[in-house]
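The next block holds one structure in the form of structure tokens; read it before the comments.
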Amino acid sequence: MGVFDRFRTSSAKGTHRAEDVPTAPTGYQQTAGRLHAFNRYEIKYFVDEMKVPELRRELAARMDTDPYSPHGGYPVTSLYYDTPDLRFYWEKIEGLRFRRKLRMRLYGNPSECTDDTPVHIEIKQRVNRVTQKRRIAVPYGNARRWLDGRQEIDCEPSQRPFVHEVTTLIGNLDLRPIVTTGYLREAFVGREADLGLRVTIDHKVHGRDRDFHFASGAQNRFVVPPRLAIVELKANERVPYWATDLTARLDMSVVRVSKYCQSVEAFGLAPRSRMGAPELVLPQGFDDRVPTGLFETSTMAR
């Protein structure tokens, strides 16, 4: 089955407040201790990059540009976790009514990410036609120790159920980093009668299956042809008629597409990260030298 052979119509849900917009450092500090949750409906489209300027003009005439969304977009990078047999991937492909996935998300330039940079740990799940998100913001160093090192982290009492759920998922399912996705996102928010509407345009969708530190500078590959952008219409209850009319006029194709699945498929359903255990952090002073003579021919012959 080809990468684009399985796309079908999809719908899910949006929120009035711009939930996936990078905030200023003070904003991150203000929200890092709180648990955020969103329910929404979404419709996804492919649009030819040649038509994006017209789409942008039409949206700007009816919507406000997100204050954190510069012309051309802001970087979004996500690291997805899954089981060795890609359970979350196959749940998406098979269209299960209830499914979920775990990811670590960074807003901003990945090359500038340090241990102190805030990232979001997020469970995104689908219940019938509604997409739900729950997440908390933590410093990147803490997030890596928690998800990759499987160490406990300190959290506020209100965050404990979510932290426990993530920790249990990782332990019970042996979750590990599988692939990243990245793109440039432009965002528009509704006004007046369309306050619940949010539209995003994601450009140059790419990913990789190794070297998962956000600031590693490792090479990526396109997981969606770069001539195509992904547009998402997200609404609390309904998508206004003018928006669906606009997508029809621009001949935008409704798709059932997952950036995570695209990234897994770009590596032939066999990303290198699937093999072996999560990377171990050895204690300071650990002697990792191979004992002399361990693999001598005489020993192997016996």
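The values are calculated or read from the model by the stated rules, or taken from the named source; none is laboratory data. None of these values were measured; they are calculated from a predicted model. We place every Cβ from the backbone using ideal geometry, glycine too, and count neighbours over all the protein chains shown.
A few notes on this one:
- Single residue of 143, 187 found to be among the hydrophobic types (A, V, I, L, M, F, W, C) and closer than 30 Å to residue 240 by Cα: 187
- Residue in the stretch 11-27 that is at pLDDT 60 or above, assigned to a loop (DSSP other than H, G, I, E, B) and over 22 Å from residue 256 (Cβ atoms) present: no
- Residue list for the stretch 150-173, restricted to those being assigned to a loop (DSSP other than H, G, I, E, B) and surrounded by 15 or more Cβ atoms within 10 Å (Cβ to Cβ): 153, 155
- Subset of the stretch 118-154 [more than 14 Å from the chain's Cα centre (by Cα) and among the hydroxyl-bearing types (Ser, Thr, Tyr)]: 140
- Residue check for residue 74: touching a His at 6+ places or on another chain (Cβ under 9 Å) and aromatic (Phe, Trp, Tyr): no
- Every residue from the stretch 137-172 that is polar (S, T, N, Q) and either within 17 Å of residue 80 (Cβ to Cβ) or in contact with a strand residue (DSSP E or B) (Cβ under 8 Å, 6 or more places away or on another chain) (or both): 159
- Screening the stretch 58-76 for residues that are crowded, with 18+ Cβ neighbours inside 10 Å and among the hydrophobic types (A, V, I, L, M, F, W, C) and picking the one that is nearest to residue 182 (Cα to Cα) gives 76.
- A Cβ distance below 7 Å, combined with a sequence gap of six or more or placement on separate chains, defines the contacts here; from the stretch 250-265, residues that are touching a residue at least 24 places away in the same chain (Cβ under 8 Å) reach residues that are of a type in the set (Asp, Glu) and assigned to a helix (DSSP H, G or I) in the pairs 250/54.
- Looking only at the stretch 233-288, residues that are aliphatic (A, V, I, L, M), modelled with pLDDT of 80 or more and surrounded by fewer than 16 Cβ atoms within 10 Å (Cβ to Cβ) come to 2 in all.
- Within the stretch 106-149, tally of residues that are surrounded by fewer than 17 Cβ atoms within 10 Å (Cβ to Cβ), at pLDDT 90 or above and within 23 Å of residue 88 (Cα to Cα): 1
- Per the listing 221, 210, 191, 176, the residue uniquely surrounded by fewer than 23 Cβ atoms within 10 Å (Cβ to Cβ) and touching a His at 6+ places or on another chain (Cβ under 7 Å) is 221.
- Applying the set (1) more than 29 Å from residue 173 (Cα to Cα); (2) modelled with pLDDT of 50 or more to residue 80 leaves exactly one unmet item: (1).
- Set side by side, the residues 218, 266, 243, 235 differ, and just one is within 19 Å of residue 75 (Cα to Cα) and out of contact with any Cys (no Cβ under 8 Å at 6 or more places or on another chain), which is 218.
- For the stretch 173-200, a residue qualifies if it is more than 18 Å from residue 80 (Cβ to Cβ) and of a type in the set (Phe, Trp, Tyr), and exactly one does: 188.
- Qualifying residue in the stretch 117-126 (condition: over 19 Å from residue 263 (Cα atoms) and not in a strand (DSSP E or B)): yes
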